[in-house]
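This report refers to the structure that appears directly beneath it.
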Amino acid sequence: MSAIQIIPINWYLLLSTVLFTIGVLGVLFRRNAIIIFMSIELMLNAINLLLVAFSSYLSDSKGQVFVFFIMAVAAAEVAVGLAILMMVYRNTKSTDINILNKLKW
Amino acid sequence: MINLVWLVPLLPLIGFVIIGLFGKQLSKGLVGIIGSGSVFGAFAIALGIFFELTGKVEKSFTIDLFNWISAGKLSIPFSFLIDPLSSLFLLIVTGIGFLIHVYSVGYMSHDEGFARFFAYLNLFIFFMLLLVLGSNYLIMFVGWEGVGLCSYLLIGFWFKNTAYNNAAKKAFIMNRIGDLGFLLGIILIFVTFGSIGYHDVFMQAKNLASGNPTLTAITLLLFVGAIGKSAQIPLFTWLPDAMAGPTPVSALIHAATMVTAGIYMIARSNILFTLSPFTMEVVAIIGVCTALFAATIGLAQNDIKKVLAYSTVSQLGFMFLALGVGAYTGAVFHVMTHAFFKALLFLGAGSVIHAMSGEQDIRRMGGLKKHIPVTHATFLIGTLAIAGCFPFSGFFSKDEILAGAFEHNKLFYALGILAALMTTFYMFRLYFLTFRKSFRGTHEQEHHLHESPKSMTIPLIILAALSIVGGFVGIPAALGGTHFLEEFLSPVFEDSSFRIVHHLSHNTEYALMIAATIVMIIGIYIAYNMYIVKETLPAEESEELQPLHNMIYKKYWVDELYENLITKPLNFISDALHKVVDNQLVDGIVNGVGSLVNRTSSVIRLAQTGNIGLYIFVMVISIVLILLTRIM
Amino acid sequence: MITLLLIFFPLIAALLLLSVKGEQVKNIALGAAIVEFVISIFALTQFQHNAEVQFEAIFPWINSLGISFHVGIDGISMLMVLLTTFLVPIIILTSFKTEYKNPAIFYSLILAMQMALIGVFVSLDGFLFYVFWELALIPIYFICLLWGGENRAKITFKFFVYTLAGSLVMLGGLIYLYQHTEGLHSFNIAALYKAGQALDATHQGYVFIAMFMAFAIKMPIFPFHTWQPDTYTVAPAQGTMMLSGIMLKMGTYGLIRWLLPLAPLGVGEWGHVAIILSSIGIVYASIIAITQKDFKRLIAYSSIAHVGLISAGILAMNIQGLQGGMVQMLSHGVNVVGLFFIADLIQKRTGTREIAALGGIRNVNPQFAVLFLFVLLGSVALPLTNGFVGEFLLLNGVYQYNVWIAAFAGLSVILGAVYMLRSYQSIMLGETNSITSTFAPLAGSEKAVLIILCTAIIAFGVYPKPLLDISGPAIEKLLSSIAH
């Protein structure tokens, strides 16, 4: 019985849900792009946590492999996303996403 | 000789090709020789065929050339049929064609389109020969449309003149109306009999009962074709307009040959018509009406060629009357004699016009007798022949037609003889006004008056001779003759002739002949009284005419009627269909579909606010909803 | 092998042409087209006059979906291939006196289109047919868009979208049939035929509608024709000739190859509607043509009338109608190319196509007048010209289907003469005016085109048998296969 399994699965689920919800709400209600970014990372990590927990409980390593994938993707995404944000900031002197409403009809 | 029949149409075709391709480089003399020579060659062969045929017991020969169109069981060979009827028409077409070619050498000598004219004439002869030689209906149709084309080209020969072009176009289109009927008739023949060869069709048709509805439909459709080509009511108005062409054309195409194609067609299909009494009645009625109607118009015309044109329409009506009452031989007989005297009259008129430096109005003529004696003498012979004076050719053929009409229906006879009376009157009116009394044209024209050259007078003399003796091939038994023509043509009409028995007694025939002669004398007398004794002159354009007189002078306003009833509405419909139906309705629907897409998209795109927060919110809501539906 | 050569030679030539610069482009394009014509003539000499598919070539393409690159030539295809290879060099020759911008691209588009057209005519696989069908649209779209006349963008766009929409419906029909093929699904033509004929009448009716939509738009048949007059008018002369001379035959060919055998019962269900629409189109377009002011537009409408008769004859499903349709496709191709070329000649020389503004050209250039007259006679179907053979057979076919429709469709015999003679008179006859008095004589290439076309008009009017013999056995086989 590994360290992870000491804590019952429900707690993981609860924590993960809380983290995810915080992430979603952050994305929905904050206007600062950097914070939105962090919220997205938060959501990803909530999923990661869940994946690791289940992987351990089910003794299936595939879940942990997935976590690495997600981390890699998240890193790539941050690199691109922050680059875009840099450009946005340079052009608008702001990181408020509501300024970015030019992509409409 | 009969095996050489393919040469008959080929020679004029070669003439056409040579003149058509190299006409510009050749001298006029050479063009004339090639043009006339090719037709003369055809005539010589036709003559040989004719004599060979009279000597043979077997009277029908089919010469296959090649397989033209075949699709499934429809197989149409390009082949020729030689029998008495076609050999007779061969002689008429090539013989008169040759004379008119010779005449044209003189008549057209100053025209810059000399070579073109001969090319067209040769092409016409080619198609006319196809028409009479074909051994099935489609070959006849080829010639039929081909002569229509040549007619179009020759009427519009002087193509700078818009009125002439309009006349040409009118002729072609009116012919095409008939042609559609003919074409549908041919198709119906194929559908009914599984073949369109004369031989197969007539063999099968013989066994059908009289009054068979399919046969009636076929014959009516064929007759529509004949109406168009032979200028019968209601499609006759193109023929008078067709006088816009050079006069030799009027003589050859619009009097002697092409316009009789309808008679040839019905005579050729005689068995089909004999078995369709209803159609026969229609043919006779249309024929007699046209004969009368055109004759009345002829009474008041002042253009020398227009008078002859209406007279042609009227005479064609006589021929259809003959066909309608079953006097096939009479009709063919009249085709022949009419070809002689009407060609003569037209060529004579051409000679007059030539002498008058292009003037065609008989009000400006008069007293030409002493200036152009040869033309005068031959024209008088032609006039007597068309009036049916004994023993000129017209007497015999017209007598045969009227006898047939008398036998069939007394009313037809009465109307026919009335038309004959008018014919005599207007022809003598024409003759008196043109040749007798004193000259009424300008001084300059009088100074210019001269007899035509030999190349024009010799054909006139030959045709005059034919107009006199032409009738002797058909002297009826009542006058002690044997009626060579009837005997010669009997194989063609044998299936019909035993169904239509002729039983006039000799005494009746004598009475009819005397009646016709009296009518003719009355006609001449009225004309003489009016134009020689009283010296009446036709009214000038500016003068008011009596209503009745005005009506026939204006040709019953038939042209105006067609203009308002067909041409204008057609243009209007065309315009309306284009602007309203096509551009607005049909295209409107198509464009409507396009703009509907556009409009829908312009509504839907409003959802695209550009607010990222909103997008994400909608996304989250949607995901939640999807998850909820999965759970529930 | 020869079929592959026929398809891919123009494509290779088109690609090579792109690298050519300068004056030689036209000559090389013409040379390539003539080589292609020679290849097709060689194919004709090797062709056995029977009903079988010859020069067959089959390569697996997308095995998992039962799609193969399957081509071959039977009598029907042979005639269409000959039409294409005969007309393309002539169409290229018509442009010799015209200077287009970027000629290399222009001519390679024409050759590319030829490749697609031949592909359409030899495909024996439903999917392949569809691919070629759509492929043919791309070059002509660019030809019209880049070299067209006034307002071309909008008109070309409409043409493109309209025909594309029709094709999509056809694709739907093909996929539907594909779903009904036996065993492992296949787009093979024989499998599709079998699947189609196994359906009941109602479902064949659906297939009929789906396929007919595409063909009707392509030909075009009333009321799907409204893209056509605009497109024909606005396209450059060569584009119009490609469209009317060859491309619309994709539709009529499609009727024979892909409609009748796929849904013979469907023809029974919906054929009368299609035939009535076709005949309405004949008279409707003829009447509209009468008052057209633009000569090119007039020819465009006359083309609708002619194609309507072809369509009606084919759908009548008898030997005369189908054979007439085959002959008339060739005749119409020759005649309409001639007419559009004449319109182009007149426009190049006088700067206008307006019929009323012209007149008296005959006085200045009698030679042109004669050649025009020949083409006109072919177009009004005078006997001994090519137009008559087809028209007679077609009317015959329609007559056997229904007397009244034939009589109604026959009105085009009269109306055709009306609008053609009217425009001829107005353009060529009468007195010369200031526009026409300087009408330049025909150049060598122009004369050559017209003389070749006139020769074809007369030759196939007098002796159409060789053409009828090529397609005859295949048509009979096709009819007997759908007879029951």
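Per-residue accessible area (protein heavy atoms, 1.4 Å probe) orders A:M86, C:M78 as A:M86, C:M78, starting from the largest. The alpha carbon centroids of region B:220-243 and region B:478-519 are separated by 28 Å. Projecting the Cα atoms of B:V558, B:A465, B:Y328 onto the charge dipole of chain B, computed from C-beta unit charges around the Cα centre, puts B:V558 farthest toward the positive end.
Given a Förster distance of 25 Å, report the FRET efficiency between A:S94 and A:F66 from their Cβ-Cβ distance, rounded to the nearest 0.05.
Details: r = 36 Å, r/R0 = 1.45.
Given R0 = 25 Å and the Cβ-Cβ separation, E is 0.10.
Shown for region B:69-95: residues covered by the partner protein chains by 10 Å² or more of accessible area relative to the chain by itself (probe radius 1.4 Å), namely B:I69, B:S70, B:A71, B:G72, B:L74, B:F78. In whole percent, how big is the carbon plus sulfur part of the accessible area of chain A, probe 1.4 Å, protein atoms only? Of the solvent-accessible surface of chain A, carbon and sulfur hold 75 percent. Highest average first, the peptides B:343-356, C:94-107 ordered by how many other beta carbon atoms sit within 10 Å of their residues are B:343-356, C:94-107. Here B:K568 is the anchor, and the aspartates and glutamates within straight C-alpha reach of less than 18 Å, apart from those fewer than 8 places off in the same chain, are B:D559, B:E560.
Centre-to-centre, using Cα atoms only, region B:249-277 and region B:158-216 are separated by 11 Å.
If a spin label sat at a point 7 angstrom from the Cα of B:I604 along the line to its beta carbon, the backbone N atoms of region C:156-172 nearer than 19 Å would be those of C:161-162, C:165-166, C:168-169. Taking 7 Å steps out from each Cα toward its Cβ at C:S437 and C:L65 produces label points 6.5 nm apart. For region C:266-393, the relative contact order works out to 26 percent when only alpha carbon pairs closer than 8 Å and six or more residues apart are counted.
Rounded if a/c is under 1.5, else prolate if a/b is larger than b/c, else oblate: which is region B:94-193, with a ≥ b ≥ c the root eigenvalues of its Cα gyration tensor? Numbers along the way, then the final one.
Working: a/c = 4.04, a/b = 1.64, b/c = 2.47.
Verdict is oblate for region B:94-193.
Helix B:454-469 versus the longest principal axis of chain B: what is the Cα-based angle in degrees, 0 to 90, to the nearest 10? The angle comes out near 80 degrees. Taking amide H as placed 1.01 Å from N in the peptide plane, B:S230 has its amide H under 5 Å from the amide H of B:G262, each at least 5 places away in sequence or on another chain.
Using a simple charge model, +1 on the beta-carbon of Lys and Arg, -1 on the beta-carbon of Asp and Glu, nothing else, what dipole does the protein assembly as shown show about its Cα centre, in debye to the nearest 20?
Values: 65 positive and 61 negative charges, 511 e Å.
Dipole size: approximately 2460 debye.
What shape does region A:4-94 have by the C-alpha gyration tensor, where a ≥ b ≥ c are the square roots of the eigenvalues, rounded means a/c under 1.5, and otherwise prolate means a/b greater than b/c and oblate the rest? It would help to have the intermediate numbers written out before the result.
Details: a/c = 5.39, a/b = 1.93, b/c = 2.79.
Taking the square roots of the gyration eigenvalues as a ≥ b ≥ c, region A:4-94 is oblate.
How high is the FRET efficiency from B:T162 to B:E563, r the C-beta distance, R0 22 Å, rounded to 0.05? Mind showing how you got there, number by number?
On the way: r = 16 Å, r/R0 = 0.71.
It comes to 0.90.
Using θ = phi - 60° in the Karplus curve 6.51 cos²θ - 1.76 cosθ + 1.60, the 3J(HN,Hα) couplings for region C:178-193 round to 4, 5, 9, 6, 6, x, 5, 4, 8, 9, 4, 4, 5, 5, 5, 4 Hz; x is entered for Gly and Pro. Computed from backbone phi with θ = phi - 60° and the Karplus coefficients 6.51, -1.76 and 1.60, the 3J(HN,Hα) list for region B:364-376 is 9, 9, x, x, 7, 3, 7, 7, 10, x, 5, 4, 4 Hz; x is used for glycine and proline. Only one residue of C:V131, C:G75, C:Q114 has its Cα farthest out toward the positive end of the dipole of region C:50-139, where Lys and Arg carry +1 and Asp and Glu -1 on Cβ, and that residue is C:Q114.
Amide H contacts under 5 Å for B:H483: B:I475, restricted to partners 5 or more places along the chain or on a different chain, H placed in the peptide plane at 1.01 Å from N. Amide H contacts for C:Q54 (H built 1.01 Å from N in the peptide plane; partners 5 or more residues away or on another chain; cut-off under 5 Å): C:I73, C:D74. Each 10 Å bin, from zero up to the one with the longest distance, holds this percent of the alpha carbon pairs of the protein assembly as shown: 2, 9, 16, 18, 16, 13, 9, 6, 3, 3, 3, 2, 1, 0, 0. Between B:R499 and B:N583, the distance separating the two model label sites (each 7 Å from Cα on the Cα→Cβ line) works out to 5.6 nm.
Among the protein heavy atoms, those of B:V191 account for about 70 Å² of accessible surface (1.4 Å probe, every chain in place). Annotation: for a label point projected 7 angstrom from Cα along Cα→Cβ of C:K97, residues of region C:312-350 with backbone N closer than 15 Å are C:338-350.
By how many degrees, 0 to 90 and rounded to 10, does the Cα axis of helix C:386-401 deviate from the longest principal axis of chain C? So the helix axis and the longest Cα principal axis differ by about 40 degrees. Estimated at the nearest 10 Å², the accessible area of A:F69 is 130 Å² with a 1.4 Å probe.
For region C:1-95, what is the per residue volume of the convex hull drawn over the alpha-carbon atoms, in cubic angstrom? Mind showing how you got there, number by number?
Values: hull volume 10.2 nm³, N = 95.
Normalising the Cα hull of region C:1-95 by residue number yields 108 Å³.
Computed from backbone phi with θ = phi - 60° and the Karplus coefficients 6.51, -1.76 and 1.60, the 3J(HN,Hα) list for region B:540-551 is 6, 4, 6, 6, 6, 10, 4, x, 5, 4, 4, 4 Hz; x is used for glycine and proline.
Taking C:L111, B:L30 and ordering them by how much accessible surface each has at a 1.4 Å probe, largest first, produces B:L30, C:L111. Compared with the dominant principal axis of the Cα atoms in chain C, helix C:137-147 is inclined by about 20°.
Report the relative contact order of region C:2-481, percent, no decimals, based on alpha-carbon pairs under 8 angstrom and at least 6 residues apart.
On the way: 841 pairs, mean separation 78.2, N = 480.
RCO, region C:2-481: 16 percent.
Each Lys and Arg contributes +1 and each Asp and Glu -1, all at the Cβ; summed about the Cα centre of chain B, the dipole is approximately 920 debye. In region B:282-553, the alpha-carbon atoms span a convex hull of 122 Å³ per residue.
Based on alpha-carbon positions alone, could you give the equivalent ellipsoid semi-axes of chain B from the gyration tensor, as √(5λ), descending, whole Å? Show your work: numbers first, answer last.
Numbers: eigenvalues 583, 206, 140 Å².
Semi-axes, largest first: 54, 32, 26 Å.
If you average over every viewing direction, what projected area does the convex hull of the Cα atoms of chain C give, in nm²? Write down the numbers at each step before the final one.
Values: hull surface 81.7 nm².
Quarter of the Cα hull surface area: 20.4 nm².
Among C:I256, C:Y178, C:L395, whose Cα sits farthest toward the positive end of the charge dipole of the protein assembly as shown (+1 at Cβ of Lys/Arg, -1 at Cβ of Asp/Glu, about the Cα centre)? Value: C:Y178.
Each Cα pair under 8 Å and six or more residues apart adds its sequence gap; the mean of these over the residue count of region C:1-157 is a relative contact order of 29 percent. Residues C:S244, A:S94, sorted by accessible area with the largest first, give A:S94, C:S244 [1.4 Å probe; ligands and nucleic acids excluded].
The values are calculated or read from the model by the stated rules, or taken from the named source; none is laboratory data. In this text the structure is predicted, and so the values were computed from the model without any measurement. For neighbour counting, all protein chains shown are included, and Cβ atoms are generated from backbone atoms with ideal geometry for every residue, glycine included. These area figures cover heavy atoms from the full protein model, side chains too; ligands, DNA and RNA do not enter into them. Shrake-Rupley method; radii C 1.70, N 1.55, O 1.52, S 1.80 Å.
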